[in-house]
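Read through the structure below, which is laid out as structure tokens, and then see the notes.
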């Protein structure tokens, strides 16, 4: 039995890891922006580097991922196998356990036999932990790129779909987030000069520009790349937002950019609120009336929950907020610690 | 007086040039995909290379551009100046004339004094030529990335706006095209399994994948980069389209991908048809009843014109089709040839 468990959430744009001490229950977490689709061959050495930084290179490994969707992989199956093999190559002597869409862990060889059973299961790790803390809630986890809308009823995750495709259809996954989402993937038009203006279908600005401009996040929170490779100041974010209507800071003033940013943020909130309504509709009359919000976009989650008529982080849900904050990497580590089949 | 005129249309993703013989009126055209935002410093040498290939390095130069919007430039002003300077550096001894939004040419030093007057004026070059051939029409030029909807009434271009921002608001510019447009910038959801599925807000597939899959274009027409760096076969395009709902070719069949592609293409047609209706509404009761379609996305233009109730390339408009096909680079060369102030 190892003293430490390293939990891993391998995404297509970010690598997240959490080191759990079995004795003390403490978690140390670490996040690295990593454009997997650009240099997949670097994953293995990055895993070693992060494990080393967390002091857990001899730990048991608990793994979940979404990276298999990155378009460097022809199919998701190949993506899952690639990630698993990167772990085998990085930690040949560690015990590695892969979290599955049926809510149980698999050995590496089991996971290799049915790769799609462990694809994009990170949301279920967080939600399963949450269901141990709160009996009834909509768990809203809004990250940099996506929003999870996961219902918990009677201390159980009652997701209607398990795959990302099913979840996109059911409203349990919405591809909108607080940082990386491209503005033209959120809105078709924005208010301008008292009327409405179409937007350019180019990646000129992202959600992080919107929320930085509006003061919802700080420059330090803007952890994704900027679309134009320039800086993260409010001035630079404003210039990117102006470009969304093919304008620039010479031709748009502060109020005009404000109106654009507020409209984009409001549309994101509407998108998530619509999904909440869809998810709750399916569960009536047993639908949760409260939300637990989490993620770097918790401010969007809270606004959407309010718009959909849910109470936010009140009562027992308040206690759950800390659990929610730690994310799938820590959740999967704790799930492995408590897993009956876990080596000890 | 030079025997040849080189017309240039410098875009953010493509460089187009046309060599016009003054004596014979013949045009030789050349197009080079060129990601200006990635390596702006290479523009000048590429200009020399293209001029050389067209045998026109001692020609007079007629210039129009949209490249100033590329996000390697902090403002459009700086973008225009950069492009003009690249011409001065590439062709220090040539006469260079820059086409303006007021429908006249400027010298390089005049253009440098008011850069925004020559920004994104390429649509006006094509439309001005067209107005010399057809008395009344909606000129629909659907390119790789954008669609121009320019009304011609009484042999005059009657655009309501001149800047891209004004044109996006008026419906005279729609940021949707036959190749480069990212699928999540076109649709929020697609039909799937008898229901509706949200799409991933990632650049997993582009319009070229849609139209290749549907047989609207060939692999040779797919001249933009593929989003995943893979090939342009129908199988590879289908895999990219499946990824739009976080699926792959293992989990979606041909019919399911067909339905996704048809929905995206239909939405593009609706977007352009809506813009046509907006433009025509402004011009009633003198609105044109016919359309002239052009560009690599002429098939989209024709479908949108039909949906908006316009007759397509019929009667005298038929004659205009050849003029339309040649694009802004050739148009600006012919405009310079016929320009009273042109050196001869």
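Table for the structure above
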quantity: Approximate spin-label separation residue B:234-residue B:1, in nm, with each point projected 7 Å along Cα-to-Cβ; calculated: 5.3 nm
quantity: Max mean-square fluctuation residue, GNM over chain B, Cα-Cα springs under 10 Å, options B:196, B:312, B:264; calculated: B:196
quantity: Rel. contact order, % - alpha carbon contacts under 8 angstrom, at least six apart, segment B:25-156; calculated: 19 percent
quantity: On Cα atoms only, tilt of A:122-131 relative to the major axis of chain A in degrees; calculated: 80 degrees
quantity: Where the Cα pairs of segment B:146-211 fall when distances are cut into 10 Å bins, in %; calculated: 19, 34, 27, 15, 5, 0
quantity: Copies compared at residue B:270 - label distances in nm, ascending, label defined 7 Å from Cα in the Cβ direction; calculated: 1.5
quantity: Value in Å of the Kirkwood radius, where segment A:234-278 supplies the Cα pairs that are averaged; calculated: 11.4 Å
quantity: Pairwise centroid distance, computed over Cα atoms, of segment A:80-117 with segment B:92-159, Å; calculated: 59 Å
quantity: Chain B, closest residue to the rotation axis toward A, by beta-carbon, whole angstrom; calculated: B:185, 3
quantity: Relative contact order computed over segment A:195-329 (Cα-Cα under 8 Å; 6+ residues apart), in percent; calculated: 20 percent
quantity: Packing-based order for A:147-159, A:175-187, using average beta carbon neighbours within 10 Å, highest first; calculated: A:175-187, A:147-159
quantity: Rg(Cα) / (2.2 N^0.38 Å) computed for segment B:241-321, rounded to two decimals; calculated: 1.43
quantity: Compactness of chain B - radius of gyration and Dmax, Cα, Å; calculated: 20.3, 66
quantity: Å³ per residue enclosed by the Cα convex hull of segment A:178-306; calculated: 110 Å³
quantity: Cβ-vector label at 7 Å, residue A:284, separations to other copies in nm; calculated: 4.0
quantity: Theoretical ellipticity at 222 nm over the protein assembly as shown - DSSP helices of four or more residues, -39500 (n - 2.57) apiece, nearest 500; calculated: -11500 deg cm²/dmol
quantity: Partner chain coverage, peptide B:250-259 - average Cβ within 10 angstrom; calculated: 1
quantity: Percent of beta bridges antiparallel (DSSP, the protein assembly as shown, rounded to nearest 5); calculated: 70 percent
quantity: Values of log10 I(q)/I(0), in the order q = 0.11 Å⁻¹, for segment B:188-257 under a Debye, Cα-only, solvent-free model; calculated: -0.24
quantity: Degrees between helix B:43-53 axis and first principal axis of chain B (Cα, 0 to 90, nearest 10); calculated: 80 degrees
quantity: Residue A:107 versus residue B:251: modelled label distance in nm, points set 7 Å from Cα along the beta carbon direction; calculated: 2.7 nm
quantity: Sequence-separation-based contact order of chain A, relative, with Cα cut under 8 Å and 6+ spacing, percent; calculated: 19 percent
quantity: 7 Å along Cα→Cβ, label-point gaps from residue A:156 to other copies, nm, shortest first; calculated: 7.4
quantity: Helix B:254-283 axis, angle to chain B major axis (alpha carbon atoms, nearest 10°); calculated: 50 degrees
quantity: Largest-first principal axis extents, alpha carbons of segment A:60-197, Å; calculated: 64, 40, 22
quantity: At R0 = 56 Å, FRET efficiency that the Cβ-Cβ distance of residue B:28 and residue A:81 yields, to 0.05; calculated: 0.65
quantity: Span per principal axis, largest first, for the Cα atoms of the protein assembly as shown (Å); calculated: 90, 49, 48
quantity: Chain A - share of DSSP beta bridges that are antiparallel (%, nearest 5); calculated: 70 percent
quantity: Pairwise Cα inverse-distance average, inverted: Kirkwood Rh of segment B:106-166 (Å); calculated: 12.6 Å
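Every number in this text was worked out from the coordinates using simple rules, so none of it is lab data. Everything numeric here is computed off the predicted structure, so don't read it as measured data. Ideal geometry is used to build each Cβ from the backbone, glycine not excepted, and the neighbour counts take in all protein chains shown.
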